[in-house]
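The values are calculated or read from the model by the stated rules, or taken from the named source; none is laboratory data. Worth saying up front: this structure is predicted, and the values here are computed from it rather than measured. Cβ: placed from backbone, ideal geometry, glycine included. Neighbour counts: every protein chain shown. These area figures cover heavy atoms from the full protein model, side chains too; ligands, DNA and RNA do not enter into them. Shrake-Rupley method; radii C 1.70, N 1.55, O 1.52, S 1.80 Å.
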Amino acid sequence: MNLSVPNIVILIVIGLLGVGAYALLTVRNLIKVVVALQIMVKAAMLALVLAGRLQGQENLGQSLALTVIVADTIVAVVGLALAVEVRRVVGSLDLKALTTLRR
Amino acid sequence: MLHLLTAVGILVCAIQAIRSRRLIVSALWLAGTSALVALELYLLGAPEIGVIELSVGAGLVTVLFVFAINLTGEEAADLKGLIKEPLAVVVSVLSIVLLGILLVPGVDRAAPSFGEASLKAVLWGNRQLDVILQAALVFCGVLGVLGLLGERESAAAEPGHSEDSE
């Protein structure tokens with residue numbers, strides 16, 4: 001596998017998705033969960049721009065990436081607002097403290 | 001070469017954002033990831049998206065994170081995960097490998113070039129539904145910010161309420 005530009009971007013995408021997935025599986029702090037989601041969305045955005053470039057439809061890929069940026073920001077805002085509320089009601093940011101079922 | 005350096009920087013920043021114990025440091029590493037992703041988008045020939053990502057991803061989202069961390073207070077983030085560490089490593093590595101097998105052989109073909117409309121025409125002309133959806137999303141975001149801000153006001157207003165009434 002040669003290190004052409006599309007291959008490097010593919011490596012970034014795969015790496016970011018892997019880091020985000022690992023974090024989502026292991027992290028218990030609500031704010032850290034939002035950080036992990038942000039990392040995965042950045043990978044999706046890069047993948048959209050790269051796919052548009054490879055298919056010769058750069059502007060379509062870029063406009064989709066723009067939509068992803070907006071959605072990503074709103075996810076961060078709503079997630080952080082939820083974290084603040086959870087902290088106020090439950091008293092902790094730990095995901096495990098959220099459940100009332102016994103584990 | 002610049003692509004490779006940017007790639008290494010993005011991955012290092014992302015890993016540090018996950019690994020660092022303090023939430024505020026984690027948010028700053030995430031801002032670094034955003035900035036480098038914006039650079040990579042610029043190098044890929046998407047300068048408009050790069051600028052928007054830089055201002056929104058590295059600017060606005062970081063401010064929101066710092067604000068939320070201020071509100072909730074710094075917590076020790078070294079709790080053990082809900083599932084066992086080796087299982088998480090295996091699952092994430094497996095998903096990376098599967099994705100790599102799927103993606104890597106197919107990306108070296110030459111780009112077919114169609115006659116394509118400009119970014120402005122594609123965004124505002126062909127995808128009105130997405131623009132409407134974005135407006136709805138921004139409205140949700142405003143409600144979310146109100147949730148963030150309203151929390152502080154109610155917390156500040158309750159002790160101060162008696163002073164106001166006096």
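Remarks
- Nearest 10 degrees, 0 to 90: helix A:30-54 Cα axis against chain A principal axis: 10
- Only Lys, Arg (+1) and Asp, Glu (-1) charged, at Cβ; chain A dipole about Cα centre in debye: 520
- Accessible surface buried upon B-A contact (total; probe 1.4 Å; Å², nearest 100): 6600
- Remark: the Cα gyration tensor places region A:5-95 in the oblate category, a/c being 1.5 or greater and a/b not exceeding b/c.
- Debye, to nearest 20: dipole size of the protein assembly as shown, +1 on Lys, Arg Cβ, -1 on Asp, Glu Cβ: 960
- Helix A:5-26 and the longest principal axis of the C-alpha atoms of chain A enclose an angle of approximately 10°.
- Accessible area in square angstrom per residue, the protein assembly as shown, 1.4 angstrom probe: 52
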